[in-house]
Amino acid sequence: MSLQNWRTINVDALDPDSPANFDLSTLTPAVNPVSTSDVQSLQNQIRQLLRGGDSEGALRGALENVPYGADDRGKEIHLATVIEILQSIRQSEMSPILSRIYQSEGGTEVLDALMKYIYKGMAQSTHAQSAKQVQPQSTGFSQIHSRGGGEGGGQAMSVLLSWHEKLVEIAGPGSIVRVMSDRRTV
Amino acid sequence: MAPSEVHHLFHSPIADHSFSADRQTLAVARDNIVDLYKRSGQKFSLDDELRGHDKTVTGVDIAPNSGKIVTCSQDRNAYVWEPSPSGWKPTLVLLRINRAATYVRWSPSEAKFAVGSGARVIAVCYFEEENDWWVSKHLKKPIRSTITTVGWHPNSVLLGAGSTDGHARVFSSFIKGVDARPEPSAWGERLPFNTVCGEFLNNTAAWIHGTAFSPSGDALAFAAHDSSVTVVYPSAPEQPPKAVLSISTQLLPFTSLIWSGENEIIAAGYDCEAYRLKGNEDGWQVAGSIESAGRPGLESHREESALNMFRQMDLKGKAKDDTQLKTVHQNTISTIRAFETSGSGVSKFSSSGVDGRVVVWTL
């Protein structure tokens, strides 16, 4: 009994009012669950728009129907959809499309969603790359020569970086802050 | 934009500042002491220090009529300082919290003050005659995280509070024997202690940094860490609000905001300058910075000698020294407060920040 080390007791676990014993999801904004098949059908619709040459409509459609309530698989599908649209839009068209969206009703919300996908896309492409390349050499140094090093990943990254640049010009640093502070993740 | 008054007091952050009603005394929270500055001519000079807290002081507020100063600190204590012939006399307040106190404000009636804390409670403190002591009652439910800010309603009963759980809430802090029964308003009719009159969340559920009631008390604004300001117009007790307007800005988040009139909000924060927002129940928008872009004085570059220019390029790799921000504040603004009010609303406000400056602005 006297051997009890009081300092290592997790007091929060014993306090019924503590946040450790509280379901934090009740504090976040409610999101509707979305099934993976719904995300998939949305992807098909958007692909159709894209084939029809309406890349702005496709972008809007994808960003206005963000599946916040989907599971990981559904979110991944939607990310692939958004990246596909972003890659299909030429660099010279980026700024006009973004400023048109920004000036329309609910535009900031749409652009915030775009910023989330840009960051998620960046995280993914570097992740895929480093998974391949982190092979500790015999010297003991791991050689990560990313920054456009990997062929496929590097290209996707440069597209995302130019979107990021154009987007910050229009939506300002506020959109970056919102990616960090928003509890609804993509 | 009339010229502003800039007081660079010291080189450490100012957590909070407060002017006395006659604007001759300025109290600033500096580390674990509160410095009292007295106005002498155009400047403020150090007059007295309030020592007593042993951790960072997070809030200081001077009651405009009684002149009492309340301070709170991360050491979990709050003191009420009263002037006496032998200097400022502190009285300990029984806060009964087990985490840091984060924010303190006198109610407009000056009979109470509210202390926000990391213990997920707001301590509403009042003076108990028979014990000669400041005691507190806790607003507890349904707060789930640290209270970062509180803002009083003009009736001294309703209290707006912002929390790191992303909610801005309106509570009743009615204390029998201290408060007069408040007039029924759109927020509520019967208001026993700890009535939750409203609970608001914006889209992103980001941390709340600042809350304030409009001068009439019929609207609540809060600034969150998602660079937004949300304005809530209640309709009737127990009813959903008439309008909840959220303005997402292109700027960095605001940390503090005040209403300068029924249709105008001043907000400042991580962008180191204050912005004006205008609007009404139909919509709000950012109406621009308070600092005019081409403010004279700071921009005037000295004529550099060629030797100096090349030396700079050699030493720093650049010809111009660009370590100065273009704003008056050189770091985040942490608090803004109304400084002077005229008939129509706030005509001057003061701001203090991490750069150790207190600035008075004319609107």
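Observations, loosely collected:
- Complete set of residues in segment B:191-222 that are touching a strand residue (DSSP E or B) at 6+ places or on another chain (Cβ under 6 Å) and of a type in the set (D, E, K, R): B:199
- Subset tally (residues that are open to solvent by less than 30 Å² (accessible area, probe 1.4 Å) and away from every other protein chain (no Cβ under 13 Å)) for segment B:198-229: 11
- Filtered residues of segment B:75-90 (kept if assigned to a loop (DSSP other than H, G, I, E, B) and surrounded by 12 or more Cβ atoms within 10 Å (Cβ to Cβ)): B:75, B:76, B:77
- Of all the residues in segment A:16-46, those that are β-branched (Val, Ile, Thr), open to solvent by less than 50 Å² (accessible area, probe 1.4 Å) and either farther than 17 Å from residue A:68 by Cα or not in a loop (DSSP other than H, G, I, E, B) (or both) number 3.
- Checking residue B:144 against (1) in contact with a helix residue (DSSP H, G or I) (Cβ under 7 Å, 6 or more places away or on another chain); (2) not in a loop (DSSP other than H, G, I, E, B), the condition it does not meet: (2)
- Residues of segment B:242-258 that turn out to be under 19 Å from residue B:165 (Cβ atoms) and either assigned to a loop (DSSP other than H, G, I, E, B) or away from every other protein chain (no Cβ under 14 Å) (or both), as a count: 1
- Across segment A:157-186, the qualifying residues are those that are facing chain B (nearest Cβ under 9 Å) and of a type in the set (Gly, Ala, Ser), and the one among them that is farthest from residue B:271 (Cα to Cα) is A:181.
- Subset of segment B:1-60 that is small (Gly, Ala, Ser) and assigned to a strand (DSSP E or B) - its residue that is nearest to residue B:116 (Cα to Cα): B:59
- Every residue from segment B:151-170 that is within 14 Å of chain A (Cβ to nearest Cβ) and either out of contact with any Ser or Thr (no Cβ under 8 Å at 6 or more places or on another chain) or in a loop (DSSP other than H, G, I, E, B) (or both): B:164, B:165, B:166, B:167
- Single residue of A:29, A:33 found to be closer than 23 Å to residue A:110 by Cα, within 14 Å of chain B (Cβ to nearest Cβ) and either touching a residue at least 12 places away in the same chain (Cβ under 8 Å) or aliphatic (A, V, I, L, M) (or both): A:29
- Within segment B:178-207, the residues that satisfy the criterion of being β-branched (Val, Ile, Thr) and out of contact with any Pro (no Cβ under 8 Å at 6 or more places or on another chain) are B:178, B:195.
- Among the residues listed as A:61, A:53, the single one being away from chain B (no Cβ under 14 Å) and surrounded by 11 or more Cβ atoms within 10 Å (Cβ to Cβ): A:61
- Residue pairs whose Cβ atoms lie under 7 Å apart, sitting 6 or more positions apart in sequence or on different chains, and linking a residue in segment B:161-186 that is open to solvent by 30 Å² or more (accessible area, probe 1.4 Å) to a partner that is not hydroxyl-bearing (Ser, Thr, Tyr) and not in a loop (DSSP other than H, G, I, E, B), are B:178/B:112.
The values are calculated or read from the model by the stated rules, or taken from the named source; none is laboratory data. Computed from a prediction, not measured in an experiment: that's the story for all the values here. Methodologically, a virtual Cβ is constructed for each residue, glycine included, from the backbone with ideal geometry; neighbour enumeration extends over all protein chains shown. Please note that ligands, DNA and RNA were not included when accessible areas were found on the heavy atoms of the full protein model with its side chains. Shrake-Rupley method; radii C 1.70, N 1.55, O 1.52, S 1.80 Å.
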